[in-house]
Every structure is written in structure tokens, then in C-alpha cells.
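As C-alpha cells, the structure follows; a few thoughts come after it.
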Amino acid sequence: MWKIGNVEIKSKVVLAPMAGITSLAYRNFMKKFGVGLTVTEMVSDCGLIYGNDKTIEYLKTTEDEKPVAIQLFGGNAENICKAIDVVLKENSNVDFIDINLGCPVPKVTKTGAGSALLKEPKKLYEFMKKICDYSPLPVTAKIRLGWDEKSINFMENIAALEKAGVKAIGLHARTAKQGYSGKANYEIIRDLQAKMSVPLIISGDIYTLENALQFLDISKATAVMIARGGVGHPRLVEQINHYFETEEKLPDATIEENIAYLLEFADMLIEEKGEYKAMMLLRGIATKFFDGYPNTKKIKNALAQTLTTRDSLMRILSEYR
Ligand SMILES: Cc1cc2nc3c(=O)[nH]c(=O)nc-3n(C[C@H](O)[C@H](O)[C@H](O)COP(=O)(O)O)c2cc1C
């Protein structure tokens, strides 16, 4: 057990925010496997301020998934503060406001938001100080190592964030320029937690229990964020939790178990989004439940290309079986 501010977090596993993936259904699905903290997809400050219905939808959370953070992005601190007002008005069940300081997408960085904020630690301090002073909820932040390999400045940015009043820091161990490819660099953050005053949550390339243990050992971080490694492999969360309780490794899920997980998730997604939209989203996610198992090329193609209804999902799965 560890804490962010005064809020207890019961697992070392945090569910990473992922736009297009960490919907309400996905977060609640992963919660059953034991994630200690969930984070929404990144939500636009301006979308909230303008009362955009689709943006406001992102603010929905459930009692079961608590503690939960709403992740906001924007390039202007005043606007983020206004967006926090909207969050509080729409949802009184939120535990943290997480600020996205890692998004590398040009559409976002062009507006001075996401990882663009990492370029100047002094400005980052002023930006985050305004937000931390304003927010009635504890503020957390998610950063990267730096903008590019020539400007690795996470130490300065972490100091700026801590001074501003941030209560936990998620660090994706890649630069913004790396995007989502290339290897996460954990050597560069060796023993980082010892140099920090708030919990460090590490992110990047955690696909197995062994990855989690190795990267925790290097960085001495308080917690791990599970992102792509958990998509289609929810057992990973249980394996990490179980290891910290017993020092034993739970077996990987069998293909039959993973198919059962997929069906459970599909039904939760249908309930949230309606059948058609759920199936369109599932085209990109369902295939991941088959990664790492033999002879899955055909079923992956079928899932990615022909899913339209729950019946079509059942048909594809029974043909595979
Ligand atoms: C499809 C996708 C969407 C993402 N969206 C967000 C986001 O909205 N906010 C954020 O802070 N990070 C986002 N990330 C980054 C992840 O939270 C995580 O830090 C990153 O994927 C590294 O972990 P991994 O290598 O284990 O996937 C996203 C990543 C992916 C793959």
C-alpha cells in the first residue's frame, strides 16, 4: 500500500492513460484484475470549457474504479483551472487531476500542451504552480525523459513539479521525439525514486512480470504503469500483485482464459458504447488478446477486419475454437 497525498493506493499497478483505449469499460475491466489507480484518457481543457458533450463524456467514472484520476491536457494554466471547475461540477467522485506533460502528437504540442511543456522547466514550474494552487484535488503529472535525446531534463522537470506541489509523477521513460517506439530507457533513471519527494510511477515497455520487477529494481519506483503490455493481457496485473503478496508467479493465462476475458470486456464495452461503436473499437484491441499464442494470424485478421456485431465476434471465436 502506498499513498498519493492522503489517498491510499492498494496496488503497485497503475493503469496508464491511453487515448482510444482506457474508456470507462476498459478501466472497470482492468480494475477487476487489481489495478490500484485508474486514469482516464487525456481530456481537452478547452473541450470541457466549451461544454463539448463528447469531451464531457470522458469525465464519467464509477464508484468501483476509485481511486481515479482525470487526465487533462492544455497549454494554458488558466484554462486548465477552468477545466478543473468543470470536472468538479460534473463528477464529485474524482480523486486526482493528472496533467498530461508527455503527449508527443504535433496537434497537441503545437498548442504548447503535452510534452511541449517539458522544454523549459522554469515555465513548467509556473504553469503547474498555478494549477496546484488552484485545484481542490491533489494534482499529479505525467512526463517523459525530455523533449529529445539532446534535452533530457527530467531531473529539472521533476524538481519543478515537486516544488509546484504535484503529489505523484508518472514518468514514461522515452523522449517525446521517440513517440511510442524505440526502447524505454531505464538505466538513465537508476535509483531515481531516492532523489524524489513524491511517489514515482514508471511507464514504458512493461509487458511481463519480469519487466516490471526489473524496472522497479533499477528505478526503485513506487509503482508501475501498465499500458500496451496490459492490453489483451489483463492477467499481467494479477501477476504483479500476486508476486508482491507471495513472491510467486501466477501462470500466464491460457488461450481459453484469454478468450473469456475478451468476451467479458466486449460486453462491458457494448454496454458503454453501444454494439457498433464497441465493435469498431474492439477491432483494434481484440487482436491483442491473441498476441503470444500460436496460430493466431487468421483470427487476428478476422477480428481486425470483420467485426461488426457481437454475433460476428462469437462466430469468429467459435471458428477459431
Ligand atoms: C494508444 C496510446 C494512447 C496513449 N494515450 C495517452 C494519454 O492519453 N495520456 C498519456 O499520458 N499517455 C498516453 N499514452 C502513453 C501511455 O500511457 C504509456 O506511457 C506509454 O504507452 C508507454 O508505455 P508502454 O511502452 O508500456 O506502452 C498512450 C499510449 C498509447 C499506446
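Would you compute, from DSSP H runs of 4+ residues alone, the mean residue ellipticity of the chain at 222 nm, taking -39500 (n - 2.57) per run and dividing by the full residue count, rounded to the nearest 500? Walk me through the numbers on the way to the answer.
Values: 13 runs with 135 residues, N = 321.
Result for the chain, helices only: -12500 deg cm²/dmol.
Report the charge-dipole magnitude of the chain in Debye, nearest 20, computed about the Cα centre from +1 at each Lys and Arg Cβ and -1 at each Asp and Glu Cβ.
900
Looking at the chain, which longest stretch skips every one of the GluC sites (Glu not before Pro) that is in a DSSP loop with at most 12 other Cβ atoms within 10 Å, leaving the sites themselves out?
64-246
Mean-square fluctuation check for the chain, GNM, Cα pairs under 10 Å: which of Ile259, Ile206, Ile70 is largest?
Maximum among the listed residues: Ile259.
Assuming 0.36 nm per residue, please report the length gained on full extension of the stretch Ser197 to Thr296 beyond their Cα-Cα distance.
31.0 nm
For the stretch 213-228, just list the computed ³J(HN,Hα) in residue order, Karplus coefficients 6.51, -1.76 and 1.60, θ = phi - 60°, integers in Hz, with x standing in for Gly and Pro.
5, 5, 6, 5, 5, 5, 8, 6, 4, 7, 8, 10, 9, 9, 10, 4
Name the residue, out of Ser11, Ser219, Ser92, whose mean-square fluctuation peaks in a Gaussian network model built on the chain with Cα pairs under 10 Å.
Ser92
GNM, the chain, Cα, under 10 Å: largest mean-square fluctuation among Thr308, Thr222, Thr246?
Thr246
Return the distance in nm (one decimal) between the two label points of a simple spin-label model at Lys183 and Ser318, each offset 7 Å from Cα along Cα→Cβ.
With each label point 7 Å from Cα toward Cβ, the separation is 4.6 nm.
Can you give the local net charge around Pro104? Use residues other than it whose beta-carbon is closer than 9 angstrom to its beta-carbon, Lys and Arg +1, Asp and Glu -1.
Numbers: positive: Arg144, Arg174, Lys177; negative: none.
Computed value for this residue: +3.
Using 24 Å as the Cα-Cα cut-off, could you pick out the over-long pairs in Lys54/Lys82; Lys66/Lys130; Lys54/Lys300; Lys12/Lys177; Lys32/Lys220; Lys10/Lys183?
Pairs exceeding the cut-off: Lys66/Lys130; Lys54/Lys300; Lys12/Lys177; Lys32/Lys220; Lys10/Lys183.
Quick one: if the Förster radius is 41 Å, what FRET efficiency do Glu156 and Leu88 give, using the C-beta to C-beta distance and rounding to 0.05?
Calculated value: 0.85.
Calculate how steeply helix 297-306 sits against the longest principal axis of the alpha-carbon atoms of the chain, using the helix alpha-carbon long axis, and give the answer as 0 to 90 degrees to the nearest 10.
With both axes taken from Cα atoms, the answer is about 70 degrees.
Given R₀ = 35 Å, what would the calculated FRET efficiency be for Leu213 paired with Glu264, taking r from the Cβ atoms and rounding to 0.05?
0.80
Take every DSSP beta bridge with both residues inside the chain and express the antiparallel ones as a percent of the total, to the nearest 5.
10
Once both axes come from the Cα atoms, what is the angle between helix 235-246 and the longest principal axis of the chain, in degrees from 0 to 90, rounded to 10?
Roughly 70 degrees, rounded to the nearest 10.
Taking all pairs of different Cα atoms in the chain, averaging 1/r and flipping that mean, what Kirkwood radius in angstroms comes out? Don't skip to the end; give the middle numbers.
Details: mean 1/r = 0.0498 Å⁻¹.
One over the average 1/r among Cα pairs gives 20.1 Å for the chain.
Go through Ile70, Val7, Asn153 and say which Cα lies farthest out towards the positive end of the charge dipole of the chain; charges sit on Cβ, +1 for Lys and Arg, -1 for Asp and Glu.
Asn153
Mind checking which of Leu313, Asn301, Phe289 is farthest towards the positive end of the stretch 255-320's charge dipole, using Cβ charges of +1 (Lys, Arg) and -1 (Asp, Glu) about the Cα centre?
Asn301
Throughout, read-outs are computed from the coordinates displayed, never taken from laboratory work. Being a predicted model, the structure only gives us computed values, none of them experimental. Methodologically, a virtual Cβ is constructed for each residue, glycine included, from the backbone with ideal geometry; neighbour enumeration extends over all protein chains shown.
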